[in-house]
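Let me begin by presenting the structure, written as structure tokens, before commenting on it.
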Amino acid sequence: MSEPNHARRFTLLWLLATVIALPIVIWVIGPLIGPGNGSDQASGQGTDATVLAVIATPVILLVMLYLLYSVIFFRQPSGGALEGPAVRGDSKVQTTWIVITSVLVLIVAVYGTVRLESANGAGSGSGATPLSVPSGPKLPVQVIAQQWYFTYRFPTYGGVETPHLVLPVNTQIELNVTSLDVIHSFWAYQLGVKADANPQVNNVAFVKPTKVMRFEVRCSELCGIWHGSMFDYGHVVSVPAFKQWIARAQVTYAAAKAALPPYSKTYAPEPTRRGG
Amino acid sequence: MSTTTESAPTPQPTRRPLWRRLLGFNLLTAVLLGVAGYYVGWYIGRQIGFEGSFHYQKKSDENDVALLLAYFGGVVGFLIGLGFANYPISRLLGRPPSLREKEGEGVGRYFGLCTDHKVVGMQYLVGIGVFFFVGGVNAMLIRTELLHDTPTVVGPGQYLSIVGIHGTMMMGMMTSGILGPFGNYFVPIMIGARRMAFPRIEALTFWLLMAAGFILASTIFFGGFPTGWTGYQPLNDQAVLGMDSYIMFFALVGTSMALLGLNMIATIMTMRAPGMTWSRLPIFVWSVYATSVLMVLAAPMLVATLLMSALDRTIDTSFFITGGGGSSYLYQNLFWFFGHPEVYVLALPGFGVVLELLPVFARKPLWGYRLAVAGMLGVTLMSFFVWQHHLFVSGINADLRPFYMLSTEIISIPTGFIFLCFMGTLWKSRITLSVPMLFCLAWAFNFLIGGTSGVVLSDVPTDTQLHGSFFVMAHFHYTIMGGLIFSFFAAIYYWVPKMTGLRFNERLAKWHFWIMFIAFNSTFMPLFALGIKGMPRRVTTYAENLVGLNTWVSISAFVLGFSMLIFIVNAVYSMIFARIPAESNPWRSKSIEWQLPTPVPVHNFDQIPVFDSDPYDYGTPQPIATGRPASAGA
């Protein structure tokens with residue numbers, strides 16, 4: 001029996017596996033790996049994750065199948081002492097590999113940059129002065145993190161502060177995230193938003209919710225013992241329902257508001273102390 | 001390196017009675033002086049930081065000055081007790097220089113300052129193994145707690161301490177996981193040297209690490225620490241006394257790392273035997289070299305950062321306290337400038353071990369040697385340009401994110417070189433599936449998953465969803481446990497028969513491998529899903545619908561823990577009870593360490609060897625054209 005043409009056989013195997021795997025990745029796994037389509041940003045992240053998975057699939061299959069192929073076909077017969085060919089490299093293969101991986105990396109980086117900036121930060125905390133800002137009117141909402149809960153202030157509604165988050169649908173929201181003590185991270189899962197809350201820092205994230213829904217709010221930066229309990233549900237509601245809710249909130253929290261400092265991008269808390 | 005004379009080994013002293021041997025500079029003295037130093041430091045600290053002298057104390061009776069000085073005093077006492085001060089003092093008194101200390105004195109040399117690099121290697125292997133076990137037990141506790149979606153087994157504060165100890169112990173102690181035992185033991189042999197460049201510093205790095213390990217473990221007496229291994233400020237400043245254990249631990253580890261790296265660089269650069277050119281250097285030595293560069297450049301940053309943290313905690317400076325004009329961003333920046341190179345400190349030695357072992361079990365020369373070296377050096381260089389990808393959603397330098405996205409993705413190019421060399425070496429090879437080889441193949445499988453999941457995290461839009469979630473946890477466990485720990489075990493099964501002259505039980509070793517490999521993937525693969533589903537890291541309370549997956553992960557983790565017990569049983573059985581001598585070269589390796597007698601003589605070589613090739617001289621010169629061998633086997 002003569003040695004089969006391993007290169008051709010393996011390439012065919014790999015191509016076949018890739019052709020089978022890609023549709024599965026795009027249509028079965030892809031929809032599962034994003035945060036859903038609750039906002040422009042969330043759906044965008046889902047698309048990006050799928051694109052990356054599509055790029056990664058052939059690479060993963062190449063290496064995995066190669067390992068399997070080698071272990072099956074390039075074996076030392078039991079008790080044997082055969083040597084492989086004394087080949088120490090192949091400049092053509094090496095050059096091809098370097099070129100292809102470099103091109104892939106550039107594609108991924110350019111794609112990521114374009115998607116990041118065109119989606120106005122893609123839901124991520126983008127600092128006090130984000131590079132790309134959505135045009136048109138925005139509803140500013142301040143997220144104030146402290147041990148161990150989030151509160152929300154609406155500067156355009158008299159600076160009222162609420163313990164829960166309600167947002168109007170199809171409205172561009174500007175989240176201003178800050179902290180009163182240690183570092184927290186505001187994570188609204190279904191909205192595709194994550195922004196660290198640093199003391200005396202204003203961290204801006206943009207989001208445009210696209211459907212009426214309930215979303216989860218969590219803290220995603222370790223902030224002390226009740227970090228895991230910094231959980232709440234927020235709601236995306238219709239614009240009229242939001243107006244109604246905020247009007248009611250202004251009445252309900254009027255007394256509390258009177259005790260608050262005036263609205264500001266950041267607050268200067270007392271330095272954190274033990275037992276605090 | 002030849003200014004000092006190497007006198008002939010002194011004859012063995014006659015055996016003295018036990019009580020007489022207990023006096024002197026040894027581990028017992030070290031522990032006693034360590035305890036004494038601890039109380040001296042504590043006393044001085046109480047005088048400096050008396051009750052209420054700093055305003056953080058107004059709410060507590062804690063004295064960070066006292067605890068930090070106590071730790072410092074304890075370490076100094078411990079090192080003096082081991083005899084680290086003797087040589088500098090004797091030199092100051094005008095005694096002649098000498099190189100060796102306690103070399104060739106029987107079992108006792110393993111329990112004290114010894115300048116034989118092989119003894120230090122063995123010390124590292126056992127010492128690090130113990131702390132790896134402690135870290136592992138903490139992982140089991142974490143998974144036990146996460147069986148339930150609310151705090152049940154341990155409280156939330158205790159849980160965070162356990163998470164912190166697990167993470168810090170693993171990240172701190174395992175940085176030297178391969179460089180410590182196998183780097184110290186085999187690098188001098190592989191380059192044809194009789195010792196390391198700085199043998200006393202070599203011993204010092206080990207004992208510093210041991211002191212550090214005990215200090216970290218002692219955090220449980222001071223309330224633990226809530227920050228995880230990153231020690232983020234200002235949470236760090238808010239934390240109770242146990243935080244000081246973290247600070248002291250990592251400062252000692254950082255010092256040990258920097259010294260270890262410096263020693264390795266000096267050794268590799270200056271002590272190579274004739275003919276051991278840079279292009280003949282074993283690839284493992286190259287990986288040690290690259291890792292050492294990272295250690296020397298990154299670890300001092302950690303020590304400086306911790307010093308600033310300690311000052312914030314003790315004398316009320318405010319480097320990181322926004323209320324006092326500092327910045328919490330500064331800590332994140334400084335920490336990750338160390339922290340990201342640190343993860344490559346963990347990964348690179350694994351590359352080296354795997355590529356070193358592969359030719360032996362594939363019976364082929366290492367394919368693409370120069371490319372592999374370029375890959376390692378490329379990773380080393382690039383790892384200093386990616387740290388802010390840990391801060392993608394923090395708001396710091398948001399405009400620079402495309403740069404860090406690009407640099408992070410670029411680092412996958414040199415990593416890809418390693419994979420190409422791995423695959424090229426396997427091409428048309430003659431693979432023997434011995435236990436070390438199985439671990440090498442598993443390394444490739446795991447690291448591939450770890451690496452590609454890293455690309456998803458390097459992309460800002462997808463990282464927005466996954467940052468700080470279990471996805472990140474799964475990613476770095478695939479690279480560190482799947483990469484470092486699997487190659488660590490490959491190295492153990494491959495080299496320990498040389499180090500001890502005894503063989504492992506093959507059957508138990510295979511059980512260990514298969515259970516570990518399957519349980520590892522069964523533990524960490526679902527964590528990707530948990531992260532995608534929105535489970536943040538370091539929580540005791542999580543969403544109800546994730547209980548099922550978490551239970552699966554916990555059970556898998558217990559099986560993973562069980563596989564470690566198989567290893568321990570195997571090690572104890574094979575090395576202490578069975579004691580079956582290993583063959584002199586069981587893997588038919590062409591590397592020089594396998595050509596030496598077992599045990600390796602104290603000074604390795606009677607005559608310094610002259611190298612005329614790299615150690616990968618395997619394979620038949622002409623490509624196989626005649627086809628596969630007859631079924632009878634050769």
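Report, to the nearest 10°, how far helix A:239-252 tilts away from the longest principal axis of the Cα atoms in chain A, using its own Cα long axis and a range of 0 to 90°.
Result, in degrees: 50.
Could you pull out every residue, at least 5 positions away or on a different chain, whose amide H is within less than 5 Å of the one on B:W367? Hs are placed 1.01 Å off N in the peptide plane, and Pro or chain starts have none.
HN-HN under 5 Å from B:W367: B:T425.
Can you give me the long-range amide H partners of A:V204? Hydrogens built in the peptide plane at 1.01 Å from N, cutoff under 5 Å, separation of 5 or more residues or another chain.
For A:V204, the qualifying residues are A:S126, A:G127, A:A128, A:V177.
Using the basic label-point model (7 angstrom from Cα toward the beta carbon), what is the B:L400 to A:T129 distance in nanometres?
1.6 nm
Shielding of B:228-234 by partners, i.e. mean partner chain Cβ atoms within 10 Å per residue?
Details: counts 3, 0, 2, 0, 5, 4, 8.
Per residue, the average neighbour count from other chains is 3.
Can you tell me which lysines have their Cα less than 30 Å from the Cα of B:K533? Leave out same-chain residues fewer than eight positions away.
A:K138, A:K194, A:K208, A:K211
For the range A:139-258, build the convex hull from the C-alpha positions and give me its volume per residue in Å³.
Each residue corresponds to 92 Å³ of Cα convex hull volume.
Tell me, in nm to one decimal, what length is gained between B:F385 and B:R46 on full extension, where the rule is 0.36 nm per residue of separation less the Cα-Cα distance?
Working: separation 339, 0.36 × 339 = 122.04 nm, distance 4.28 nm.
Here the answer is 117.8 nm.
Quick one: 3J(HN,Hα) in Hz for the range A:218-233, Karplus 6.51/-1.76/1.60 with θ = phi - 60°, rounded, Gly and Pro as x.
9, 9, 10, 10, 3, 9, x, 5, 9, 3, x, 9, 6, 10, 7, 9
Taking chain A as a Gaussian network, where each spring joins two C-alpha atoms under 10 Å apart, which residue of A:G125, A:G79, A:G34 fluctuates the most?
Checking each option, the largest mean-square fluctuation is seen for A:G79.
Could you check the simple spin-label distance between A:K92 and A:V114, using points 7 Å along Cα→Cβ, in nm with one decimal?
Going by the 7 Å Cα→Cβ label model, 3.3 nm.
Work out from phi, with θ = phi - 60° and the Karplus expression 6.51 cos²θ - 1.76 cosθ + 1.60, the ³J(HN,Hα) of each residue of the range A:44-53, listed in order in whole Hz, and give x for Gly and Pro.
Running phi through 6.51 cos²θ - 1.76 cosθ + 1.60 with θ = phi - 60° gives x, 4, x, 4, 4, 4, 5, 4, 5, 5 Hz.
Pull out the extension gain between B:E583 and B:L565, defined as 0.36 nm times the separation in residues minus the alpha carbon to alpha carbon distance; nm, one decimal. Mind showing how you got there, number by number?
Values: separation 18, 0.36 × 18 = 6.48 nm, distance 2.58 nm.
Full extension of this stretch gives 3.9 nm more.
Between A:E3 and B:M525, what is the label-to-label distance in nm when each label sits 7 Å out along the Cα-to-Cβ direction?
Taking the two extended label points, one gets 3.4 nm.
Sequence-distant or interchain residues sharing an amide H contact under 5 Å with A:R88, placed H: which?
Distant-sequence amide H within range of A:R88: zero hits.
How would you rank B:86-95, B:179-188, B:495-504, B:595-604, highest first, on the average number of other Cβ atoms within 10 Å across their residues? Show your work: numbers first, answer last.
On the way: B:86-95: 10.9, B:179-188: 28.0, B:495-504: 21.1, B:595-604: 14.8.
Descending packing order for the listed peptides: B:179-188, B:495-504, B:595-604, B:86-95.
With n ≥ 4 as the cut-off for DSSP H runs, can you work out [θ] at 222 nm for chain B, using -39500 (n - 2.57) per run divided by the number of residues, rounded to the nearest 500?
Result for chain B: -20000 deg cm²/dmol, rounded to the nearest 500.
Per-residue HN-Hα couplings for the range A:169-185, Karplus 6.51 cos²θ - 1.76 cosθ + 1.60 at θ = phi - 60°, whole Hz, x for Gly and Pro?
Those phi angles translate into 6, 6, 10, 6, 10, 10, 8, 10, 9, 9, 10, 9, 9, 9, 7, 10, 9 Hz.
I'd like the mean, over residues of B:336-346, of how many other protein chain beta carbons sit within 10 Å of each residue's own Cβ. Display every interim value, and only then the final one.
Working: counts 0, 0, 0, 0, 0, 0, 0, 0, 0, 0, 0.
Mean partner-chain Cβ count within 10 Å for B:336-346: 0.
When Cβ neighbours within 10 Å are restricted to other protein chains, what is their mean count per residue of peptide A:120-133? If you can, show how the numbers build up before the last one.
Numbers: counts 0, 6, 7, 5, 12, 9, 8, 8, 2, 3, 3, 5, 1, 0.
The shielding value for this peptide is 5.
Using the membrane-span-like helix rule (whole DSSP H runs, Cα extent along the own axis of at least 24 Å, mean Kyte-Doolittle hydropathy at least 1.6), which helices of chain B qualify?
Working: long enough: B:27-48 (31 Å, 1.15); B:64-82 (27 Å, 2.05); B:117-145 (42 Å, 1.02); B:156-173 (25 Å, 0.66); B:199-217 (28 Å, 1.44); B:242-270 (42 Å, 1.39); B:283-314 (45 Å, 1.55); B:328-362 (50 Å, 1.04); B:435-458 (34 Å, 1.63); B:506-532 (40 Å, 0.90); B:547-572 (37 Å, 1.85).
Correct list, ordered by number: B:64-82, B:435-458, B:547-572.
Values quoted throughout were computed directly from the atomic coordinates according to the rules given, and no laboratory measurement underlies them. A quick note: this is a predicted structure, and the numbers were derived from the prediction, not measured. We place every Cβ from the backbone using ideal geometry, glycine too, and count neighbours over all the protein chains shown.
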